[in-house]
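Read the structure below first, then the notes.
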There are 2 protein chains.
Amino acid sequence: MQQQELYKCGVPAACIFCDARRRGMCGALEPHQLAKLSKYSVRKNASSGKELYSATDRTGGFSNILSGVVKLSRTLSDGRQQIVGLQFPPDFLGRPFKSGNAITAEAVTEVVLCSLPQAAVERMIAESPSLEHRLYEQSLRELDEARELMVTLGRKTAAEKVASFLIMIARHLDPASQERKSTAFDLPLTRMDIADYLGLTIETVSRQLTQLRSANIIQIVNKHHIIVPNLARLAARAGD
Amino acid sequence: MQQQELYKCGVPAACIFCDARRRGMCGALEPHQLAKLSKYSVRKNASSGKELYSATDRTGGFSNILSGVVKLSRTLSDGRQQIVGLQFPPDFLGRPFKSGNAITAEAVTEVVLCSLPQAAVERMIAESPSLEHRLYEQSLRELDEARELMVTLGRKTAAEKVASFLIMIARHLDPASQERKSTAFDLPLTRMDIADYLGLTIETVSRQLTQLRSANIIQIVNKHHIIVPNLARLAARAGD
DNA sequence: CGTGTGGTTGAGCCGGTTCAAAGTGAGTGG
DNA sequence: CCACTCACTTTGAACCGGCTCAACCACACG
C-alpha cells in the first residue's frame, strides 16, 4: 500500500490521511520537514462565528483548514462589512510577512484547523523553496478569485450576483458537478454572509433566491439546502 | 561609487539605472542571473490604449513596467467592464503559471516595458527561489489591494469611492505625500477608466469630483491635474 | 473654422435599500 | 408533547442613490 510506504518514509501519523498533505501546502514538504513542522502543530476546532485572527490580534499564526469554511472580511468604521474571500479546505490561512491590512478571518461553519506557530512556518518557508512555491500558487489562485469577485461587485446586477455566488459555491463544495450538469449542496453561509459577500442586503439576496426558485432554476428545500437541476441554466444568469 | 562597483560586478549596462533592479523583481537576482536574463530582454514602448496581453492571446510573456500605468480589466459579454487592478512601476506584469482567468492588460498612459520571454522567466523562477519570493511578495501586495478595492466596490457610496480612488492614486504617484499633508498629481486615468475602476458611470464620477471641488477638498486645474491641499480632509470622506 | 473626443450638467427613472411586519424552525423548559 | 423564545428568513411598500438619456461644453486637431 502506498500509505504504508509513506508511513515508513517517516510521515507523521497525524498527517497520513490529511488533505493538506495531499492537496495543500504540506504536499510541498519532504517527510523530514513535515515531521519537524508537525511537532509544533495543534489540531483546533472552532465553531461558527469564532474569530480566527483579526486586524488587531496578529498572533494567530498560520493554519491549514482541514474542514469547514472560513470568511475573510473587512469592516468599515460604521459597521458596513464586506467579505473579501472565502477559504475552503485544504487552503492555508494566514498572511505571511507583514501587511498593513486589517482583515479578519472568521469561521462560518464548524471548522477544524491544523494550527502552526508563525515563527515555525516562516522558518520553514525560508528553507523550503517548494513550500514557498506552493504558497505562491495559492496566493495567485486567491488573486484570480478576488478579481472574479470584483467584477461581480462592480458590474453585475443583484440577480447576476446571486447566480454567480451559487455557481462559485457549487464549484467548491461539489467540484465534480462540472462533469455532470446538476448539483445539490448545503449553503455554508447565512443570508447575511451572502449579502456581505455580494455587496447587497439580506432582503435583496432573499428576493433573488426566491426569484430563481420561481423560475425553476433552483429548488430551496430548507433554507440552506439548494438543488440545481441544470447548472447551465443557472450559469446563463450569471452575466459573464 | 556604488553604481560603479555594481557595474564592475557584471550588471548589464541597461540595468544599472533601472528601477526594476532597485525595487522590482530584478533586485532578487545575482548579477550573473541578471546578465543572463537581460540577453532576452527587449525595451518596448506602448501608447495609451495598447493591449499588452489579453484573454485570448497568452503569448505576451512577462514584463517589468518601467514607466506609465497599466490597467488589468475584465469585460463581460455585453460590454460591461471592470478594472480589477492598476499596476505602476516597477511592478511585474504577467501571470506566471497557467490560469483560466480572462484578464486583459492595457496601457492607460504611455508605457515603457522591459519585456521578457515567458520561458526565460519561468526557467529563472525555477532556479532562483529569491526571485520567486519577490514575485510572491508582489502577489500578496496585489491581493491586499484587490481586497481594499472589493470593500470599495461592495460597500462604499459613490462619494466614498471617488475619495478612496484619489487617495490610492496619491499614494502611488506621490508616496512622499504621507509625510506632508498635501499633494498634487496628474490623474493617469480618464473618467471612463475611473468609472470602470469604481463600478460607477462617468457621469457619477464627474459629479462626485465637482462635489469634492465645491467642498474645497480638491482643486481641479485642467481635468487631469488635481491638487489636494489637505489629504486628511479627503481621507475623512473615504468611508473607512 | 468644422469635427471629434472627452467631460460636465440636468431631468427623470429604476434597481436595490430601508423600514416594517409576518413567517419559519430549531432549541428549551414546562 | 406543546408552548415559548430567539435567530434567521421572507415578503411588502415606500424611498432614494446612482443610472439613463440628452444636451451642452472645452479643447485638440485637421
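Do you know which residues across region A:79-92 are within 15 Å of residue A:23 (Cβ to Cβ) and buried (at least 17 other Cβ atoms within 10 Å of the Cβ)?
Across region A:79-92, the qualifying residues are A:87, A:89, A:90, A:91, A:92.
Name the residues in region B:146-183 that are touching a strand residue (DSSP E or B) at 6+ places or on another chain (Cβ under 8 Å) and among the hydroxyl-bearing types (Ser, Thr, Tyr), would you?
Of everything in region B:146-183, those that are touching a strand residue (DSSP E or B) at 6+ places or on another chain (Cβ under 8 Å) and among the hydroxyl-bearing types (Ser, Thr, Tyr) turn out to be B:177, B:182, B:183.
Please enumerate the residues belonging to region B:201-219 that are touching a strand residue (DSSP E or B) at 6+ places or on another chain (Cβ under 6 Å) and either within 9 Å of DNA strand C (Cβ to nearest atom) or open to solvent by less than 50 Å² (accessible area, probe 1.4 Å) (or both).
B:213, B:218
Picking from B:161, B:156, which residue would you name as being modelled with pLDDT of 95 or more and in contact with a Gly (Cβ under 6 Å, 6 or more places away or on another chain)?
B:156
Taking the criterion of being more than 8 Å from chain A (Cβ to nearest Cβ), in a helix (DSSP H, G or I) and among the hydroxyl-bearing types (Ser, Thr, Tyr), would at least one residue in region B:33-41 satisfy it?
Yes; the residues of region B:33-41 include at least one that is more than 8 Å from chain A (Cβ to nearest Cβ), in a helix (DSSP H, G or I) and among the hydroxyl-bearing types (Ser, Thr, Tyr).
Please go through region A:96-125 and give me each residue that is in contact with a helix residue (DSSP H, G or I) (Cβ under 9 Å, 6 or more places away or on another chain) and crowded, with 19+ Cβ neighbours inside 10 Å, ordered by number.
A:103, A:108, A:114, A:116, A:121, A:124, A:125
For the structure I just gave you, tell me whether residue A:163 is within 13 Å of DNA strand C (Cβ to nearest atom), open to solvent by less than 10 Å² (accessible area, probe 1.4 Å) and within 23 Å of residue A:107 (Cβ to Cβ).
The answer is no for residue A:163.
Find all pairs meeting these conditions: Cβ atoms under 6 angstrom apart; at least six residues apart or on different chains; first residue within region B:77-100 and away from chain A (no Cβ under 12 Å); second residue among the hydroxyl-bearing types (Ser, Thr, Tyr).
B:89/B:67; B:93/B:63
Before we move on, is residue A:77 in a loop (DSSP other than H, G, I, E, B), of a type in the set (Ser, Thr, Tyr) and under 21 Å from residue A:190 (Cα atoms)?
No, not satisfied.
Return the total of residues in region A:101-115 being part of a loop (DSSP other than H, G, I, E, B) and within 14 Å of chain B (Cβ to nearest Cβ).
The total comes to 3.
Any chance region A:179-195 includes a residue that's open to solvent by less than 40 Å² (accessible area, probe 1.4 Å), more than 11 Å from DNA strand D (Cβ to nearest atom) and more than 10 Å from chain B (Cβ to nearest Cβ)?
Taking every residue of region A:179-195 in turn, at least one turns out to be open to solvent by less than 40 Å² (accessible area, probe 1.4 Å), more than 11 Å from DNA strand D (Cβ to nearest atom) and more than 10 Å from chain B (Cβ to nearest Cβ).
Of all residues being more than 7 Å from chain A (Cβ to nearest Cβ) and buried (at least 21 other Cβ atoms within 10 Å of the Cβ) in region B:136-157, which is nearest to residue B:83 (Cα to Cα)? Just the residue, please.
Only one residue fits best here, namely B:152.
The values are calculated or read from the model by the stated rules, or taken from the named source; none is laboratory data. Source: prediction; values computed, not measured. So basically every Cβ, Gly included, is an ideal-geometry build from the backbone, and we count neighbours across all protein chains shown. Heavy atoms of the whole protein, side chains included, go into the accessibility calculation; ligands, DNA and RNA do not. Shrake-Rupley method; radii C 1.70, N 1.55, O 1.52, S 1.80 Å.
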